[in-house]
1. Give the residues of the range 7-53 that are over 18 Å from Leu69 (Cα atoms) and in a loop (DSSP other than H, G, I, E, B), sorted by residue number.
2. Criterion first (in contact with a helix residue (DSSP H, G or I) (Cβ under 7 Å, 6 or more places away or on another chain), open to solvent by less than 60 Å² (accessible area, probe 1.4 Å), aliphatic (A, V, I, L, M) and touching a residue at least 60 places away in the same chain (Cβ under 8 Å)) does Leu2 satisfy it?
3. Mind checking which pairs have a first residue in the range 50-67 that is farther than 11 Å from Asp31 by Cβ and a second that is open to solvent by less than 20 Å² (accessible area, probe 1.4 Å) and assigned to a helix (DSSP H, G or I), Cβ under 7 Å, 6 or more apart or different chains?
4. Read through the list (1) modelled with pLDDT under 90; (2) part of a loop (DSSP other than H, G, I, E, B), then give the number of the only condition that Pro70 fails.
5. Please determine whether any residue of the range 61-81 is touching a helix residue (DSSP H, G or I) at 6+ places or on another chain (Cβ under 7 Å), closer than 18 Å to Ala113 by Cβ, open to solvent by 50 Å² or more (accessible area, probe 1.4 Å) and of a type in the set (Asp, Glu).
6. Suppose the filter is in a helix (DSSP H, G or I), modelled with pLDDT under 90 and of a type outside the set (S, T, N, Q); does Tyr105 pass it?
Amino acid sequence: MLADDNELIRSGLRSLLQEHGGWLVCAEATDGRDALEKAIRFKPDVILVDAAMPHLSGFEVAGRIHEQLPDSEIVIVTEHDARTLAHIQPQPGVRGYAMKSRLSYDLLAAVEAASKHQPVSLPASA
């Protein structure tokens, strides 16, 4: 599932994910409330959530989804860089982070790791 308030970002995420043969984007959400409702409805294995969305932040969404769907893995998609992300405390339900500036390089590996219930590692050179 994809949750981002920017249609271009959602479109780009969808395009990248469609490169992987076995994955299906079951839903797309445009804000935090929409993300929470669609996650509960569709029960996705992996959810990509923008860190900054209207109505509920990605972190608020992640926490609420984790409470109701503890088996869904959440990857926060963010504009922050690796140095900033290194200072963020672990968040309930968040498997890891994907930087928007590196999505074409890192997104598929992040989703693959999350789908296997493994941590999503940030690249050392990020």
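1. Glu19, His20, Gly21, Gly22, Trp23, Leu24, Thr30, Asp31, Ala51, Ala52, Met53
2. Numbers: in contact with a helix residue (DSSP H, G or I) (Cβ under 7 Å, 6 or more places away or on another chain): yes; open to solvent by less than 60 Å² (accessible area, probe 1.4 Å): yes; aliphatic (A, V, I, L, M): yes; touching a residue at least 60 places away in the same chain (Cβ under 8 Å): no.
No: the conditions fail for Leu2.
3. Ala51/Gly58; Glu60/Gly32; Ile65/Ala39
4. (1)
5. No.
6. Details: in a helix (DSSP H, G or I): yes; modelled with pLDDT under 90: yes; of a type outside the set (S, T, N, Q): yes.
Yes.
The values are calculated or read from the model by the stated rules, or taken from the named source; none is laboratory data. None of these values were measured; they are calculated from a predicted model. Cβ: placed from backbone, ideal geometry, glycine included. Neighbour counts: every protein chain shown. In case anyone asks, the SASA skips ligands and DNA or RNA and just uses the protein heavy atoms, side chains included. Shrake-Rupley method; radii C 1.70, N 1.55, O 1.52, S 1.80 Å.
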